[in-house]
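Participant: Handing you a structure now.
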Amino acid sequence: MGTFFGMSGQFWLNLQSQHELRRVELEQAPRIRARVQPLAL
């Protein structure tokens, strides 16, 4: 795809990584927030 669209392979890897991270954040955020308390400064 990179060659067809004239973009680097790194661009597509970054796009995929961002997509996967965002998906996990959306799916797991409630569970993580319920278990993790922010550090009080």
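Every read-out reported here was derived from the displayed coordinates using simple, explicitly stated rules and does not represent laboratory data. These numbers come from a predicted model, not from an experiment. With ideal geometry, Cβ positions are generated from the backbone for all residues, glycine too; neighbour counts draw on all protein chains shown.
Participant: Please compute the modelled spin-label separation between F4 and L26, points set 7 Å along Cα→Cβ, answer in nm with one decimal.
Facilitator: 2.4
Participant: Per residue of segment 33-38, what does 6.51 cos²θ - 1.76 cosθ + 1.60 with θ = phi - 60° give for ³J(HN,Hα)? Whole Hz please, x for Gly and Pro, Karplus curve as stated.
Facilitator: Along segment 33-38, the couplings run 4, 5, 9, 10, 9, x Hz.
Participant: Explain nothing, just the number: dipole magnitude of the chain about its Cα centre with +1 on each Lys and Arg Cβ and -1 on each Asp and Glu Cβ, in debye rounded to the nearest 20.
Facilitator: Numbers: 5 positive and 3 negative charges, 42 e Å.
Taking the Cα centre of the chain as origin, the dipole is about 200 debye.
Participant: Now, a different point. Please rank V24, V36, fewest neighbouring Cβ atoms within 10 Å first, as an exposure proxy.
Facilitator: Numbers: V24 11, V36 8.
By the 10 Å Cβ count, ascending: V36, V24.
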